[in-house]
1. With the requirement that a residue be away from chain B (no Cβ under 11 Å) and hydroxyl-bearing (Ser, Thr, Tyr), what does segment C:112-155 give you?
2. How many residues does segment B:192-218 hold that are within 24 Å of C:THR44 (Cα to Cα) and touching a helix residue (DSSP H, G or I) at 6+ places or on another chain (Cβ under 7 Å)?
3. Kindly check whether there is at least one residue in segment E:244-258 that is of a type in the set (A, V, I, L, M), more than 30 Å from B:THR225 (Cα to Cα), within 8 Å of another protein chain (Cβ to nearest Cβ) and assigned to a loop (DSSP other than H, G, I, E, B).
4. Could you tell me which of the residues A:VAL138, A:VAL124 is under 30 Å from A:THR217 (Cα atoms) and within 13 Å of another protein chain (Cβ to nearest Cβ)?
5. Exactly one of (1) surrounded by fewer than 20 Cβ atoms within 10 Å (Cβ to Cβ); (2) in a loop (DSSP other than H, G, I, E, B); (3) more than 10 Å from every other protein chain (Cβ to nearest Cβ); (4) not charged (D, E, K, R) is unmet by B:HIS141. Its number?
6. What is the number of the single condition among (1) over 13 Å from C:VAL142 (Cβ atoms); (2) buried (at least 18 other Cβ atoms within 10 Å of the Cβ); (3) of a type in the set (D, E, K, R); (4) at the interface with chain B (Cβ under 10 Å from one of its Cβ atoms) that C:ASP40 does not meet?
7. Please list, ordered by residue number, the strands (runs of 3 or more DSSP E) wholly in segment E:1-74 having 3 or more residues that are among the aliphatic types (A, V, I, L, M).
8. I'd like the residue in segment C:229-249 that is part of a loop (DSSP other than H, G, I, E, B) and facing chain D (nearest Cβ under 7 Å) and, out of all such residues, is nearest to C:VAL267 (Cα to Cα).
Amino acid sequence: MRDLFLSNCEKNFIQKIVSEGHRLDGRNYNESRKLNITFGSDYGSCIVTLGETKVLAQVTCEVVQPKQIRPNEGILYINVEISPMAAPQFEANRQTDLLVYMNRLLEKCYKDSKCIDLESLCIVVEEKVWSIRVDVKVINHDGNLVECASIATLSSLAHFKRPDITRSGDSVIIHTLSEKDPIPTVLFHYPVCSTFAIYNSDILLSDPNFLEESVCTSSTEEESNINGGLLVVGMNQYKEVCLLDLTGAAIYNTNIVHKAIMNAADKCKDIVDLVKKLIASDDNLRQKRVKINFSDIITTEHKMSLCKKDLNIKLKNYNVDNITKIDDSDEEMEKNCMEISKYDVVSAAIQHTAEMFSKKGGSKWIEISSDSDED
Amino acid sequence: MPLDYKRFNGPEDSISYKRFTEDYIKSYDQLYQELIDENGVRKDGRAVDEARKMFAINDVVTQAKGSAYIELKQTKVVCSVFDPREIPHQNEFSQLGQIYCEVKFAPFSCPRKRRPHAPEAEERALSVALRKALEPTVCRHLFPNFQIDVFVYILEHDGACLAVAINAAGLALASAAVPIYDIITACTIAVIDGKMIMDPTEAEEHLAIMSPETQTNHGLITMSTLSQLRQITDFRQIGSLDVDCVTKAMDLLQKQCMKIVPNIQRVLVSNVIKYHKERKKLEEEAREREEALNKKMEEWKLLLNAG
Amino acid sequence: MADVYKLIHPVKFCNDYLSRNIRPDGRSFKQPRSIKINVDSIKTAEASAVVKCGNTAVVCGIQLELSPPKAEEPNVGFLVTNVELPALCSSKLKPGPPSDQAQVVNNIVSDIVLNSKCVDLKDLCIVPDKLAWVLYCDIVCVDNDGSLVDGCIIALMASLKTLSLPKVSYDAETEEIKVDPKSRTKLEIHSFPIVTSFVVYRLNQSNIILADPTAYEEDICGGSGTNLIVCYNKGLFCGTQKFGGSNLSKDCQDDALKTAKERANIVENIIDVCIRNHKNSSINE
Amino acid sequence: MDVDESQLKDFKLKPMKCEFNVLSKSDGSAILSQGETVVIVSVNGPLDIKMQSQSIEKATLEVLCCSKGGKPCVADRYKENIIKQTCDAALLSNQYPRTGITITVQELEDCGGLLPCSLNCACLALINSGLAMRCVFAAVTCVVDEQGDIVLGPSKEQLDTARAVLNFVFDSRDKSLMTGFTEGSFSEDTYKEAMERCRVASDLVFAFYRDIVKQYSKIIA
Amino acid sequence: MADLLLSSTEKIFIVHGVQDDYRSDGRSNIDYRPMELETEVVSHASGSARLRLANTDVLVGVKTEIDTPKPDQPGLGKIEFFVDCSANATPEFEGRGGEQLANSISNMMQRAYQSSQAFELKQLCILEGKQCWKLYIDILILESGGNLYDAVSLAVKAALFNTRIPFVKAVLMDGGNVDLQLSDDPYDCKHLDVGCAPLLITLCKIGDKCVVDPSAEEESCSVISVVVGVTGNTKSYCSGKEIDSVKSLERKCSTIGMNGSGSLAPQTLQSAIMQGMVAAESLDEALGQALLRERQENVILKKHAYGFLK
């Protein structure tokens, strides 16, 4: 990967406006960019756009021999590719750290969280299973790739249908889509990642764009940046955490993780609902034999590329309502707690401490606290 | 094994049909009787200590700086040598020039199985052996920080392929005008049931490596020498041989290597003669043209003067 | 002297020749190089051919393997062609996995074989859904001096024409396979594609085509490899490819098609004669 | 933006739709649909590249073709080669010595005619990128169906059952053949006729290009 | 190989020392450096050994797996060597630096073990044509202080001596399937017969003479060395009554190879091979004794394991 340099001016400017409560594109701290999901003509293909970040995902399947240690389970394989299309600094067919990092995060989120019923993918034990392969291709990289890619992975997996099979004796017949209706994949839960950029170790920016991402992970000349970082939270629709990952400097404030999880819980549920809704409507359309195709995403929107409408710099509207809304995340958190889930997360009275307890008994108290306050 | 995305692949579980023929597996004795009869005459009519006839030419690959093709009956090997080039990806200065060797088998070169395209252990071992043999041969101090690429391609393998590869590489180096100390020659000997078998075929090599029931000597030796300097540049033995046997084989190999030298020399000399003749012819033609031109000039001058 | 001239002024050197209606190696524009073919010289392969077109030397060897057919197409065998460009055949290649150029040649050759339908893959099936032949056709270039695809196809066709398949008996009950290498049947070849390559050279505001170019001519004309590949198969064209180099005018195209057609007949003849000679000599032995 | 079908005389191409500047991070980008086949192309350049791949005479062109799912294969290299050689001939790359130009092609939908669509889209993306070009080019496909008739702008079914598929890429200046590639067998006359028909049809593609560029340039102005 | 930076005076000192049969560490040309050997150091492996030869440190683990035999050798098992030159050993092994050396060592070992007179692969057969044992021999070079070939071959032989493979009964079922029956008792194992397994002896040509067991410094003074693989004598590896029933076998060369960029005169090569045979004989006997003692201690005394702490 070619190195990309940020000027100190840029860095300082971004740092400054963020600390004053603004973002370059006029969003609030916990406001995401516009999310858009489009499905292609094949099952399991979709393009997800998050602001200007665009990711294409395609699920394919084939019959393979299962792994020896898991003879009755199908195989899920996730492959991320970042071509020079994403941004000029990427080179073709090169393994970059970012690529490995993304691959691993998605694997953690979808493979390790066991969201797919792998046993349902088995055809003949020890002989034939379905191998599901998710190809995630980054088309445009404008920050928050992980979130965008995870939504794409989830939508394509949920959208995907594999051909039906019939077993007769030893042989297995794979039916084409026209012969028999294909079968959707069973998902136990719908995990989604969301990214937060941490500024000054207490400001959380949800859905950071490329500039915000790069500034918070890079260090300025005067002060080596110890306060910034990227926090990825993977959660499913039941508000269970599937993944937590921090890059950049360590946080010395646990509160921020809680805050992030609170924010993520809500956001993830919304995203999952949206994905489910879109898939349902897509299914509906398909049943009515409406042709769905990626050509639908071609619009005239971008004609304005060089006019102000498309430039992502915006001044925030100074509305009295808006200003108060920024800081009331704590209230929102409490509202969230009312939702039904296996676990409830309650922010406790003492600052920097939260208790987490299970409804179904078992281990009662798990305390997460920062050491500084315990002392 | 990961699939090769840069080539067309056949089905994963295909097997050579020879596996299903009747005489796929033969016992040691069966093979032995097939290859050597009771009078000590080999299957192809050679005596035990008789080498195969060698066919060698150089400059077969026009795109290379120097090249050679050597054929020992069915063993066919092409070798090409390219101009010295700077050693890639190297950050330290190297006082001696380096020799990069690569030996590859054609996919169809072996009678027993199809060779995979990707380099495998045997090819790598042969490449190392070839480099070992050539390193003492080339005047490496003459091109510091440069490397010479020597590529060997085995089109058909019927025994003694390392020896042939070394011979071909020596010839190619010489025809590429790379400075060398001496002409390098190599040959192989197989020991089967205590018998010394010069220049074995693939079947004989296979038998020599196969372990007999008895505790007799068996094995394979390949040796490369610089005959004029009386030096051994590489010596490779496999199997199980006692010391006397090794010593005896060494003598035989040395003699055989000596025998090959004049053949290689003849090829090189005939090439020089050919080149020289061509050059002379060209010069002759050029002179004739010039004369004709001069004559015309004279005529013109005369005409001009007259006019 | 000529060598030095060629080295320091490669384009002008070529121009000087071509403007006098002759090519640097003494050929006329549409004159292909001479072809030498030798079949069945490699005994470790089931069928083989060595072809030299001028300096370009190509070796093709076919090996036979057995495999169950694909589940989707149970009555079809396999024909796997691969063109190998080892580092020794040209100074432009470096050792390692196949270069992009090698993959392009590989794809072109395989496309021609498929398009011409010279082997009916159904002929390669032995027992549907159980057993089929796999023909591994490996084409190795030993010396790459231009017009590689021509040589590859000639070598491939010559070896396919001499290929015979041993008899296979398959016991459906025990799934036992027996092969008798002595009784063989010839593989039927349904067509006879022959390829002629050209380069398009821009000379004084007009285009000329050079048939069967050398590596040097390919370089001069730009692009990678030859610019125009015409495959002619018994009265029909089966695949023309044009990429890189100068644009192709109508006249040049007509010329090229005509040349390709003529050459195809000649080459076809050469291959047939060569195979016949080989058969006769092997009978005499 | 669809090509008006009434404009076409006795032949028609598949409806085309295009959008520029789809990718914010690329120097030039375009998404093009031809019928149901959709391709997105990004162009980056002139870029700084490694010393080894630099050329002192012209820009080094690199083309990358990505299929939608699954693994890379040999056929991708072939497509890359065709796009590369065509773009190389169209670009005035000697204006950018010692630099690199990267063209990335991403398939979105393949309902036949992917490669011609990629070529057209690449041309549009190059126009969008503002790199100096010698000419623009248009790829046109036609098939010879089982009756031996020539059909322009074939559908997926027509492609699957066709006896031969012929693709041509024409230069905008004199409509001469820049690139061509075919599948299947055909006679010499068919070949020539198909080429002439495609040559005429290429006008439609060029008209479409002009139309698109006009629309965008109006807004910018 | 590990390139030490030695000045020319240092090199001359070493060369002259060798000439006078007195090496820089006080040994004569035919002496080995002190060795430490411990078996059964890796509890998860079927057999293991660690050998320390002065500064050279090698760890060998043997893993066993059931496999199908090669179709053209239905009655034989399989053995595979894998050498890993850890970057701990010397900074030069970092990345792919040690790959070439690792390849040549594993190649040499594979060749040395090829002949049935060196290692009987038949003892790994379970059911002819169907099932056999495959031995994976993983060799880890922990520290490189010269003479890797010898150290590796000694450690491998020790690890193989220490290897136990479980008794397995294989029964051919209907339809060609194989049913394997494994004994419930994990101690129901057999030892391998490794008496004749070969040892590699490196003879390093310094000046006009050849020395055994060269140190890293000595290796950098030499351009050529000969590696001789010599088969062992089963007799040295038997204890008690078994000794009488075993025939003493003649030692043979199982492989010979050359390392380094130089060349040799034929006479030098011959004498080097002879010298190697002599060295191998005493080395093999010493190894046999040490291994037998170790096995006995393991059984009777519940020996204290030193591991890597020592």
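1. Result: C:SER116, C:SER147.
2. Selection size over segment B:192-218: 8.
3. Here is the first cut: in segment E:244-258, the ones of a type in the set (A, V, I, L, M) are E:246, E:249, E:256, E:258.
Now narrow it down to the ones that are more than 30 Å from B:THR225 (Cα to Cα): E:246, E:249.
Among the residues that remain, those that are also within 8 Å of another protein chain (Cβ to nearest Cβ) are: E:249.
Okay, now just the ones that are also assigned to a loop (DSSP other than H, G, I, E, B), so E:249.
Yes; the residues of segment E:244-258 include at least one that is of a type in the set (A, V, I, L, M), more than 30 Å from B:THR225 (Cα to Cα), within 8 Å of another protein chain (Cβ to nearest Cβ) and assigned to a loop (DSSP other than H, G, I, E, B).
4. Details: A:VAL124 fails: under 30 Å from A:THR217 (Cα atoms).
Step by step, each of A:VAL138, A:VAL124 is checked, and only A:VAL138 is under 30 Å from A:THR217 (Cα atoms) and within 13 Å of another protein chain (Cβ to nearest Cβ).
5. All conditions are met except number (2).
6. (4)
7. Working: elements: E:35-39, E:47-53, E:56-67.
Strands (runs of 3 or more DSSP E) meeting the threshold: E:47-53, E:56-67.
8. Within segment C:229-249, the subset part of a loop (DSSP other than H, G, I, E, B) is C:234-235, C:243-247, C:249.
When the remaining residues are screened for being facing chain D (nearest Cβ under 7 Å), the result is C:243-244, C:247, C:249.
Numbers: C:PHE243: 24, C:GLY244: 26, C:ASN247: 28, C:SER249: 26 Å.
This residue is C:PHE243.
The values are calculated or read from the model by the stated rules, or taken from the named source; none is laboratory data. Being a predicted model, the structure only gives us computed values, none of them experimental. Please note: Cβ atoms are built from the backbone with ideal geometry, for glycine as well, and neighbour counts cover all protein chains shown.
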